[in-house]
Amino acid sequence: MLNAGNPRELVLASLPEAALLISAPGRVNLIGEHVDYNMGIVLPAAVDRRVWLAVKPLEAPILRITALDLEESVEINLNNLAARVDRKGKPLPLWSLYPSAVAWIFQSKGYTLSGLEACIASNLPMRAGLSSSAAIEVAFALAFQTLAGIEMERMHLAQLCQTAESSFIGVHCGLMDQFAVSHGVARHALFFDTRSLEWQPIPLPPDTVLVVADSGKKRELAKSAYNQRQQECQLAVQLLNRQNPAIHSLRDVEIDAFKKYEQFLPQPAAKRARHVIEEIERVQRSAIVLAEEDAVTFGQIMFAGHISLRDLYEVSCEELDFLVEMAAGLPGCLGAKLTGAGFGGCTVNLVRKPEAELFCEQMQAAYQSRFSVDLITHICRADRGAYVEKIEKAVH
Ligand code: GLA
(Lines give C-alpha, C1' and ligand atoms only; values in the text may rest on other atoms or scores of the structure.)
Protein backbone atom coordinates (compact mmCIF):
# COMPACT_ATOMS: atom_id res chain seq x y z
CA MET A 1 0.00 0.00 0.00
CA LEU A 2 1.31 3.41 -0.89
CA ASN A 3 0.71 6.21 1.52
CA ALA A 4 -1.57 8.94 0.21
CA GLY A 5 0.46 11.88 1.56
CA ASN A 6 3.69 13.41 0.30
CA PRO A 7 6.34 10.87 1.38
CA ARG A 8 9.00 13.52 2.00
CA GLU A 9 6.74 15.44 4.39
CA LEU A 10 5.53 12.23 6.00
CA VAL A 11 8.95 10.97 7.00
CA LEU A 12 9.97 14.38 8.31
CA ALA A 13 6.78 14.70 10.35
CA SER A 14 7.25 11.21 11.77
CA LEU A 15 10.86 11.79 12.79
CA PRO A 16 11.13 15.50 13.59
CA GLU A 17 14.57 15.04 15.21
CA ALA A 18 16.01 13.61 11.97
CA ALA A 19 19.57 14.62 11.10
CA LEU A 20 19.45 13.33 7.53
CA LEU A 21 16.88 13.15 4.80
CA ILE A 22 17.71 10.73 2.02
CA SER A 23 15.88 10.13 -1.22
CA ALA A 24 16.45 7.31 -3.71
CA PRO A 25 14.59 6.73 -6.99
CA GLY A 26 13.21 3.62 -8.62
CA ARG A 27 14.37 2.73 -12.11
CA VAL A 28 13.08 1.43 -15.40
CA ASN A 29 15.27 -0.38 -17.86
CA LEU A 30 14.71 0.80 -21.43
CA ILE A 31 16.76 -1.90 -23.12
CA GLY A 32 19.48 -4.38 -22.07
CA GLU A 33 17.49 -6.88 -20.03
CA HIS A 34 19.21 -9.81 -18.31
CA VAL A 35 22.57 -8.80 -19.69
CA ASP A 36 24.13 -7.16 -16.63
CA TYR A 37 25.15 -10.50 -15.09
CA ASN A 38 26.66 -11.39 -18.47
CA MET A 39 29.04 -8.38 -18.51
CA GLY A 40 26.78 -6.62 -21.02
CA ILE A 41 25.67 -3.02 -21.49
CA VAL A 42 22.36 -1.69 -20.23
CA LEU A 43 20.24 1.44 -20.68
CA PRO A 44 18.19 2.13 -17.54
CA ALA A 45 16.82 5.44 -16.26
CA ALA A 46 16.07 6.49 -12.69
CA VAL A 47 12.46 7.71 -12.42
CA ASP A 48 10.61 10.27 -10.34
CA ARG A 49 9.00 7.69 -8.06
CA ARG A 50 11.13 7.65 -4.94
CA VAL A 51 11.77 6.26 -1.50
CA TRP A 52 12.29 8.81 1.28
CA LEU A 53 14.18 8.12 4.46
CA ALA A 54 14.50 10.33 7.55
CA VAL A 55 17.34 9.24 9.81
CA LYS A 56 18.54 10.04 13.29
CA PRO A 57 21.65 8.50 14.90
CA LEU A 58 21.21 6.38 18.05
CA GLU A 59 23.68 5.59 20.84
CA ALA A 60 22.55 1.97 21.11
CA PRO A 61 23.70 -0.55 18.43
CA ILE A 62 20.23 -1.02 16.98
CA LEU A 63 18.32 -0.23 13.82
CA ARG A 64 14.86 1.05 14.69
CA ILE A 65 13.00 1.34 11.39
CA THR A 66 9.40 2.24 10.64
CA ALA A 67 7.91 1.62 7.20
CA LEU A 68 5.12 4.21 7.22
CA ASP A 69 3.38 2.81 4.11
CA LEU A 70 3.10 -0.61 5.71
CA GLU A 71 2.52 0.69 9.26
CA GLU A 72 5.21 -1.68 10.50
CA SER A 73 8.22 -1.14 12.76
CA VAL A 74 11.20 -3.32 13.54
CA GLU A 75 14.09 -3.18 15.96
CA ILE A 76 17.16 -5.06 14.85
CA ASN A 77 20.31 -5.72 16.86
CA LEU A 78 23.32 -4.53 14.84
CA ASN A 79 25.41 -7.22 16.52
CA ASN A 80 23.16 -10.04 15.37
CA LEU A 81 22.29 -9.21 11.75
CA ALA A 82 23.03 -12.60 10.24
CA ALA A 83 20.27 -14.20 12.35
CA ARG A 84 17.62 -12.20 10.41
CA VAL A 85 15.46 -11.80 13.52
CA ASP A 86 14.27 -8.78 15.46
CA ARG A 87 15.44 -8.01 19.00
CA LYS A 88 12.84 -10.40 20.39
CA GLY A 89 13.93 -13.24 18.11
CA LYS A 90 10.99 -12.98 15.67
CA PRO A 91 11.82 -13.50 11.95
CA LEU A 92 12.20 -10.16 10.17
CA PRO A 93 9.59 -9.04 7.60
CA LEU A 94 10.91 -9.10 4.03
CA TRP A 95 11.25 -5.32 3.58
CA SER A 96 13.52 -5.01 6.61
CA LEU A 97 15.97 -7.58 5.23
CA TYR A 98 17.27 -4.93 2.80
CA PRO A 99 18.53 -2.45 5.42
CA SER A 100 19.86 -5.44 7.39
CA ALA A 101 21.69 -6.70 4.32
CA VAL A 102 23.35 -3.32 3.78
CA ALA A 103 24.40 -2.97 7.44
CA TRP A 104 25.73 -6.52 7.31
CA ILE A 105 27.85 -5.88 4.21
CA PHE A 106 29.36 -2.69 5.69
CA GLN A 107 30.27 -4.66 8.82
CA SER A 108 31.69 -7.56 6.86
CA LYS A 109 33.94 -5.09 4.99
CA GLY A 110 35.29 -3.97 8.37
CA TYR A 111 33.33 -0.73 8.90
CA THR A 112 31.98 -0.03 12.39
CA LEU A 113 28.39 1.17 12.31
CA SER A 114 26.46 2.87 15.05
CA GLY A 115 22.72 2.59 15.52
CA LEU A 116 20.05 4.63 13.84
CA GLU A 117 16.36 5.33 13.87
CA ALA A 118 14.70 5.70 10.48
CA CYS A 119 11.29 6.27 8.92
CA ILE A 120 10.63 5.23 5.32
CA ALA A 121 7.81 6.31 3.00
CA SER A 122 7.59 6.13 -0.73
CA ASN A 123 5.60 6.74 -3.86
CA LEU A 124 7.50 3.96 -5.62
CA PRO A 125 5.45 0.78 -6.05
CA MET A 126 7.03 -2.07 -4.10
CA ARG A 127 7.81 -5.49 -5.60
CA ALA A 128 6.67 -4.38 -9.04
CA GLY A 129 10.01 -4.61 -10.82
CA LEU A 130 10.94 -0.94 -10.40
CA SER A 131 13.86 -1.68 -8.06
CA SER A 132 12.28 -0.62 -4.81
CA SER A 133 14.71 -2.99 -3.10
CA ALA A 134 17.75 -1.33 -4.69
CA ALA A 135 16.30 2.09 -3.72
CA ILE A 136 16.03 1.00 -0.09
CA GLU A 137 19.51 -0.52 -0.17
CA VAL A 138 21.15 2.57 -1.63
CA ALA A 139 19.23 4.90 0.71
CA PHE A 140 20.42 2.96 3.78
CA ALA A 141 23.95 2.66 2.40
CA LEU A 142 24.04 6.46 2.12
CA ALA A 143 22.71 6.73 5.68
CA PHE A 144 25.40 4.42 7.11
CA GLN A 145 28.11 6.02 5.00
CA THR A 146 27.18 9.56 6.04
CA LEU A 147 26.70 8.82 9.75
CA ALA A 148 29.99 6.92 9.98
CA GLY A 149 31.85 9.49 7.84
CA ILE A 150 33.01 6.86 5.35
CA GLU A 151 34.57 8.11 2.09
CA MET A 152 33.30 6.00 -0.78
CA GLU A 153 32.83 6.40 -4.51
CA ARG A 154 29.25 6.06 -5.73
CA MET A 155 30.13 3.07 -7.91
CA HIS A 156 31.68 1.28 -4.95
CA LEU A 157 28.57 1.99 -2.90
CA ALA A 158 26.40 0.50 -5.66
CA GLN A 159 28.64 -2.58 -5.78
CA LEU A 160 28.40 -3.02 -2.00
CA CYS A 161 24.61 -2.97 -2.24
CA GLN A 162 24.70 -5.51 -5.07
CA THR A 163 26.87 -7.83 -2.96
CA ALA A 164 24.50 -7.34 -0.02
CA GLU A 165 21.56 -8.40 -2.18
CA SER A 166 23.33 -11.41 -3.56
CA SER A 167 25.03 -12.67 -0.36
CA PHE A 168 22.37 -11.78 2.22
CA ILE A 169 19.09 -11.90 0.25
CA GLY A 170 20.13 -14.65 -2.19
CA VAL A 171 19.20 -12.95 -5.48
CA HIS A 172 22.36 -13.09 -7.59
CA CYS A 173 21.55 -9.88 -9.43
CA GLY A 174 23.79 -7.82 -11.69
CA LEU A 175 24.77 -4.23 -10.94
CA MET A 176 22.22 -2.40 -13.08
CA ASP A 177 19.60 -1.54 -10.46
CA GLN A 178 21.93 -0.31 -7.74
CA PHE A 179 23.88 1.61 -10.38
CA ALA A 180 20.80 3.32 -11.82
CA VAL A 181 19.41 4.21 -8.40
CA SER A 182 22.71 5.76 -7.30
CA HIS A 183 23.72 7.44 -10.60
CA GLY A 184 20.43 8.64 -12.15
CA VAL A 185 20.45 11.87 -14.19
CA ALA A 186 17.29 13.93 -14.81
CA ARG A 187 15.93 13.71 -18.39
CA HIS A 188 18.57 11.09 -19.33
CA ALA A 189 18.94 7.37 -19.76
CA LEU A 190 22.19 5.84 -18.50
CA PHE A 191 24.37 3.94 -20.95
CA PHE A 192 26.28 1.67 -18.59
CA ASP A 193 28.92 -0.90 -19.42
CA THR A 194 28.81 -3.48 -16.62
CA ARG A 195 32.23 -4.83 -17.63
CA SER A 196 34.33 -1.65 -17.68
CA LEU A 197 31.97 0.23 -15.30
CA GLU A 198 32.13 3.20 -17.67
CA TRP A 199 28.90 5.07 -18.19
CA GLN A 200 27.42 8.14 -19.78
CA PRO A 201 24.05 9.85 -19.67
CA ILE A 202 22.14 9.91 -22.97
CA PRO A 203 19.31 12.47 -23.39
CA LEU A 204 15.89 10.88 -23.78
CA PRO A 205 13.89 11.91 -26.84
CA PRO A 206 12.33 15.37 -26.39
CA ASP A 207 8.55 15.51 -25.94
CA THR A 208 8.28 11.93 -24.74
CA VAL A 209 7.48 10.47 -21.32
CA LEU A 210 8.07 7.08 -19.78
CA VAL A 211 4.77 5.45 -18.91
CA VAL A 212 5.03 2.60 -16.43
CA ALA A 213 2.09 0.16 -16.49
CA ASP A 214 1.91 -2.05 -13.41
CA SER A 215 0.24 -5.35 -14.28
CA GLY A 216 -0.41 -6.00 -10.59
CA LYS A 217 0.99 -9.49 -11.06
CA LYS A 218 3.42 -10.11 -8.24
CA ARG A 219 6.69 -11.71 -9.12
CA GLU A 220 6.57 -14.79 -6.88
CA LEU A 221 8.83 -16.92 -9.05
CA ALA A 222 11.29 -14.14 -9.60
CA LYS A 223 14.03 -15.28 -7.24
CA SER A 224 14.28 -18.93 -8.27
CA ALA A 225 13.64 -18.39 -11.99
CA TYR A 226 16.10 -15.46 -12.06
CA ASN A 227 18.88 -17.54 -10.53
CA GLN A 228 18.01 -20.37 -12.91
CA ARG A 229 18.39 -18.08 -15.97
CA GLN A 230 21.82 -17.14 -14.68
CA GLN A 231 22.86 -20.77 -14.42
CA GLU A 232 21.67 -21.39 -17.98
CA CYS A 233 23.85 -18.51 -19.17
CA GLN A 234 26.81 -19.87 -17.22
CA LEU A 235 26.35 -23.26 -18.83
CA ALA A 236 26.32 -21.62 -22.25
CA VAL A 237 29.59 -19.81 -21.43
CA GLN A 238 31.25 -23.04 -20.26
CA LEU A 239 30.31 -24.83 -23.47
CA LEU A 240 31.25 -21.89 -25.70
CA ASN A 241 34.58 -21.67 -23.92
CA ARG A 242 35.34 -25.20 -25.12
CA GLN A 243 34.87 -23.98 -28.69
CA ASN A 244 36.86 -20.81 -28.14
CA PRO A 245 38.94 -20.37 -24.97
CA ALA A 246 38.82 -16.57 -25.36
CA ILE A 247 35.12 -16.64 -24.35
CA HIS A 248 34.70 -15.91 -20.66
CA SER A 249 31.26 -14.34 -20.72
CA LEU A 250 28.46 -13.88 -23.26
CA ARG A 251 29.77 -10.35 -23.79
CA ASP A 252 32.77 -11.93 -25.52
CA VAL A 253 30.58 -13.48 -28.24
CA GLU A 254 29.66 -11.60 -31.42
CA ILE A 255 26.45 -12.64 -33.14
CA ASP A 256 28.24 -14.06 -36.22
CA ALA A 257 30.50 -16.22 -34.08
CA PHE A 258 27.48 -17.36 -32.10
CA LYS A 259 25.74 -18.61 -35.22
CA LYS A 260 28.73 -20.90 -35.74
CA TYR A 261 28.74 -22.23 -32.16
CA GLU A 262 25.00 -22.37 -31.46
CA GLN A 263 24.77 -26.01 -32.61
CA PHE A 264 27.00 -27.07 -29.68
CA LEU A 265 24.58 -25.74 -27.07
CA PRO A 266 21.59 -27.64 -25.67
CA GLN A 267 18.23 -25.93 -25.15
CA PRO A 268 17.31 -23.81 -23.29
CA ALA A 269 20.93 -22.55 -22.92
CA ALA A 270 21.13 -21.79 -26.66
CA LYS A 271 18.10 -19.50 -26.74
CA ARG A 272 19.09 -17.78 -23.49
CA ALA A 273 22.53 -17.05 -24.94
CA ARG A 274 21.05 -15.81 -28.23
CA HIS A 275 18.82 -13.37 -26.33
CA VAL A 276 21.77 -11.98 -24.36
CA ILE A 277 24.05 -11.58 -27.39
CA GLU A 278 21.37 -9.92 -29.53
CA GLU A 279 20.17 -7.77 -26.62
CA ILE A 280 23.67 -6.35 -26.11
CA GLU A 281 23.69 -5.43 -29.78
CA ARG A 282 20.27 -3.76 -29.34
CA VAL A 283 21.70 -1.58 -26.58
CA GLN A 284 24.58 -0.54 -28.81
CA ARG A 285 22.18 0.38 -31.62
CA SER A 286 19.96 2.26 -29.17
CA ALA A 287 22.80 4.55 -28.13
CA ILE A 288 23.37 5.42 -31.79
CA VAL A 289 19.74 6.10 -32.68
CA LEU A 290 19.13 8.09 -29.50
CA ALA A 291 22.12 10.26 -30.30
CA GLU A 292 20.43 10.92 -33.66
CA GLU A 293 17.16 11.74 -31.83
CA ASP A 294 15.49 8.91 -33.72
CA ALA A 295 12.83 8.02 -31.16
CA VAL A 296 10.87 5.91 -33.66
CA THR A 297 13.71 3.46 -34.31
CA PHE A 298 14.50 3.35 -30.60
CA GLY A 299 10.88 2.39 -29.91
CA GLN A 300 11.13 -0.42 -32.47
CA ILE A 301 14.21 -1.72 -30.65
CA MET A 302 12.21 -1.77 -27.39
CA PHE A 303 9.48 -3.87 -29.04
CA ALA A 304 12.10 -6.27 -30.41
CA GLY A 305 13.59 -6.54 -26.92
CA HIS A 306 10.23 -7.59 -25.53
CA ILE A 307 9.72 -10.28 -28.16
CA SER A 308 13.11 -11.73 -27.32
CA LEU A 309 12.34 -11.71 -23.57
CA ARG A 310 9.07 -13.47 -24.37
CA ASP A 311 10.30 -16.10 -26.81
CA LEU A 312 13.98 -16.66 -26.10
CA TYR A 313 14.50 -15.72 -22.48
CA GLU A 314 10.97 -16.75 -21.43
CA VAL A 315 10.55 -14.27 -18.60
CA SER A 316 7.31 -12.64 -19.77
CA CYS A 317 3.74 -13.65 -18.92
CA GLU A 318 0.28 -13.30 -20.42
CA GLU A 319 -0.41 -9.98 -18.70
CA LEU A 320 2.84 -8.33 -19.82
CA ASP A 321 2.47 -9.62 -23.39
CA PHE A 322 -1.06 -8.24 -23.51
CA LEU A 323 0.10 -4.83 -22.27
CA VAL A 324 2.85 -4.62 -24.88
CA GLU A 325 0.55 -5.72 -27.71
CA MET A 326 -2.10 -3.20 -26.66
CA ALA A 327 0.43 -0.40 -26.37
CA ALA A 328 1.78 -1.11 -29.85
CA GLY A 329 -1.60 -0.25 -31.38
CA LEU A 330 -2.21 3.00 -29.49
CA PRO A 331 -1.52 6.49 -30.85
CA GLY A 332 1.61 8.14 -29.49
CA CYS A 333 3.24 4.92 -28.30
CA LEU A 334 6.74 4.59 -29.77
CA GLY A 335 7.95 1.52 -27.89
CA ALA A 336 6.98 -0.87 -25.08
CA LYS A 337 8.51 -3.81 -23.25
CA LEU A 338 8.55 -5.49 -19.88
CA THR A 339 11.05 -3.84 -17.56
CA GLY A 340 13.39 -5.48 -15.07
CA ALA A 341 13.52 -9.19 -14.38
CA GLY A 342 10.01 -9.98 -15.70
CA PHE A 343 7.76 -12.81 -14.41
CA GLY A 344 5.13 -10.13 -13.69
CA GLY A 345 5.62 -6.54 -12.61
CA CYS A 346 5.60 -3.63 -15.06
CA THR A 347 5.99 -2.62 -18.67
CA VAL A 348 7.75 0.58 -19.69
CA ASN A 349 6.33 2.54 -22.61
CA LEU A 350 7.91 5.39 -24.52
CA VAL A 351 4.99 7.68 -25.33
CA ARG A 352 4.71 11.09 -26.95
CA LYS A 353 3.87 13.59 -24.21
CA PRO A 354 0.62 15.01 -25.68
CA GLU A 355 -0.87 11.50 -26.02
CA ALA A 356 0.25 10.16 -22.63
CA GLU A 357 -2.98 10.73 -20.65
CA LEU A 358 -5.17 9.18 -23.31
CA PHE A 359 -2.71 6.31 -23.69
CA CYS A 360 -3.07 5.52 -19.97
CA GLU A 361 -6.87 5.64 -20.11
CA GLN A 362 -7.00 3.31 -23.10
CA MET A 363 -4.57 0.87 -21.54
CA GLN A 364 -6.58 0.82 -18.30
CA ALA A 365 -9.85 0.18 -20.11
CA ALA A 366 -8.39 -2.65 -22.19
CA TYR A 367 -6.73 -4.31 -19.21
CA GLN A 368 -9.88 -4.08 -17.14
CA SER A 369 -11.99 -5.70 -19.82
CA ARG A 370 -9.42 -8.48 -20.44
CA PHE A 371 -8.34 -9.39 -16.87
CA SER A 372 -10.91 -7.60 -14.64
CA VAL A 373 -7.98 -5.97 -12.87
CA ASP A 374 -7.24 -2.27 -12.38
CA LEU A 375 -4.11 -1.34 -14.27
CA ILE A 376 -2.08 1.27 -12.43
CA THR A 377 -0.16 3.57 -14.75
CA HIS A 378 2.50 6.12 -13.86
CA ILE A 379 3.57 8.90 -16.19
CA CYS A 380 7.22 9.28 -15.24
CA ARG A 381 10.21 11.36 -16.18
CA ALA A 382 13.83 10.41 -15.79
CA ASP A 383 15.08 11.78 -12.51
CA ARG A 384 18.26 12.31 -10.48
CA GLY A 385 19.82 9.49 -8.50
CA ALA A 386 19.94 9.07 -4.72
CA TYR A 387 21.04 12.01 -2.61
CA VAL A 388 21.46 13.07 1.01
CA GLU A 389 20.19 16.28 2.55
CA LYS A 390 21.67 17.20 5.91
CA ILE A 391 19.08 18.83 8.09
CA GLU A 392 20.22 21.94 9.88
CA LYS A 393 18.64 22.14 13.31
CA ALA A 394 17.18 25.51 14.35
CA VAL A 395 19.29 27.05 17.14
CA HIS A 396 17.14 28.06 20.12
C1 GLA B 1 16.66 -7.46 -12.01
C2 GLA B 1 18.10 -7.49 -11.51
C3 GLA B 1 19.02 -6.72 -12.48
C4 GLA B 1 18.84 -7.21 -13.92
C5 GLA B 1 17.35 -7.23 -14.28
C6 GLA B 1 17.11 -7.82 -15.64
O7 GLA B 1 16.15 -6.17 -11.97
O8 GLA B 1 18.20 -6.93 -10.23
O9 GLA B 1 20.37 -6.86 -12.05
O10 GLA B 1 19.44 -8.43 -14.12
O11 GLA B 1 16.59 -7.96 -13.35
O12 GLA B 1 17.63 -7.02 -16.63
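The values are calculated or read from the model by the stated rules, or taken from the named source; none is laboratory data. All figures in this text were calculated on a predicted structure; none of them were measured in a lab. Cβ sites come from the backbone with ideal geometry, for glycine too, and all protein chains shown count toward neighbours. Just so you know, the surface numbers come from the protein's heavy atoms only, side chains and all, with ligands and any DNA or RNA stripped out. Shrake-Rupley method; radii C 1.70, N 1.55, O 1.52, S 1.80 Å.
Structure summary
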{"item": "Failed criterion for Asp36 (all others in (1) within 16 Å of the ligand (Cβ to nearest atom); (2) open to solvent by less than 10 Å² (accessible area, probe 1.4 Å) hold)", "result": "(2)"}
{"item": "Tabulated pairs, the range 292-304, first within 10 Å of Pro205 (Cα to Cα), second modelled with pLDDT under 95, C-beta under 8 angstrom, 6+ apart or interchain", "result": "Glu293/Pro206"}
{"item": "When residues of the range 242-297 are limited to those that are of a type in the set (S, T, N, Q) and not in a helix (DSSP H, G or I), the one least open to solvent (accessible area, probe 1.4 Å)", "result": "Ser249"}
{"item": "Residues being within 13 Å of the ligand (Cβ to nearest atom) and buried (at least 24 other Cβ atoms within 10 Å of the Cβ) - total across the range 39-57", "result": "5"}
{"item": "Which numbered condition Asn349 fails, given (1) open to solvent by 10 Å² or more (accessible area, probe 1.4 Å); (2) under 20 Å from the mean Cα position of the chain (by Cα)", "result": "(1)"}
{"item": "Single condition Leu147 does not satisfy, out of (1) in a helix (DSSP H, G or I); (2) out of contact with any strand residue (DSSP E or B) (no Cβ under 7 Å at 6 or more places or on another chain); (3) surrounded by fewer than 24 Cβ atoms within 10 Å (Cβ to Cβ)", "result": "(2)"}
{"item": "Test: residue in the range 188-198 that is open to solvent by 20 Å² or more (accessible area, probe 1.4 Å), under 23 Å from Thr377 (Cβ atoms), within 14 Å of the ligand (Cβ to nearest atom) and not β-branched (Val, Ile, Thr)", "result": "no"}
{"item": "Leu375 under 25 Å from Thr297 (Cβ atoms) and either more than 17 Å from the chain's Cα centre (by Cα) or at pLDDT 95 or above (or both)", "result": "no"}
{"item": "Residue that is in contact with a helix residue (DSSP H, G or I) (Cβ under 8 Å, 6 or more places away or on another chain), in a loop (DSSP other than H, G, I, E, B) and either of a type in the set (S, T, N, Q) or more than 16 Å from the ligand (Cβ to nearest atom) (or both), where the choices are Leu81, Leu70, Leu63", "result": "Leu70"}
{"item": "When residues of the range 150-173 are limited to those that are assigned to a helix (DSSP H, G or I) and without any contact (Cβ under 8 Å) to a residue 24 or more places away in the chain, the one nearest to the ligand (Cβ to nearest atom)", "result": "Gln162"}
{"item": "Any hit, the range 16-32, residues being within 30 Å of Asp252 (Cα to Cα), within 12 Å of the ligand (Cβ to nearest atom) and open to solvent by 30 Å² or more (accessible area, probe 1.4 Å)", "result": "no"}
